Amino acid sequence: MIRTQLDLAQMTITEVWGLMIRNFCLMAILLLTLFASISLAPALDSSSMENNATTEEGTATASASVQGIWKATLGEKEIIMAVNQSAQSVFGLAKFEGDNPWNAALAGSLSANAVSFSLAAMEVEVLASTYISATLEDDTMTGFFIRSDSNGKASRGDFTAIMISPDTSSYTPAVVTTAPLPAVQTEQVSTEQKNEAPPKEEPTAVFEIASRFKDVTKLAKGINPNILPRMAPL
């Protein structure tokens, strides 16, 4: 009887320990699951934030535009640009209306908010090219320019621009006075004109008008007086 009670007591203790171990395992699993969910939450939040930032950046890139009329400065020189945009391509016209005004063609590209384009102009008798690199922020551009001309001169400076109108239809080119020919070319033209042979004069037809009156003295010159009839004496 006593042994039976001991056996029952041992079985009861074993069952209790087994039950405790099972409960502990379940608790450990629940704790691990809770910790895993807590650690995954920040990762999901950061991923969502990155996706939102990427979407916003893509939207900003798609909406970036340089279309319009801009008032810009190249160092100390002020110019006006009429810029058109097609996707990432940039093209248009520019002008300088100060001393020795000029008109220029404009071409370049836009990537995100980075703008780069070039101006090509005939400045008086010099062919000049200006490269511009700038950052677009709303209605302003800031950057730098590099200028080079056909005389071999080059310069670099700051570039700034502000949009004054989104509509380019009101743009008008600068009035440029045609420069006179250089002295060398003028002398060459004069020399060529001197070397040209004078035009030949066409002979003028001379018409003699016959008179109905005859000069008898001219007729008498060809007559021999010896054969003239003599007058008989009266």
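Throughout, read-outs are computed from the coordinates displayed, never taken from laboratory work. This one's a predicted model, so the numbers in the text were calculated from it and none came from an experiment. Note that we place each Cβ from the backbone using ideal geometry, even for glycine, and neighbour counts take in every protein chain shown.
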- Using the Cβ atoms and a cut-off under 11 Å, what net charge is assigned to the surroundings of ILE164, where Lys and Arg are +1 and Asp and Glu are -1? -1
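Rounded to the nearest 0.05, what FRET efficiency is calculated for SER170 and THR135 with R0 set to 25 Å and r the Cβ-Cβ distance?
Values: r = 26 Å, r/R0 = 1.05.
Step by step, r from the Cβ atoms, then E = 0.45.
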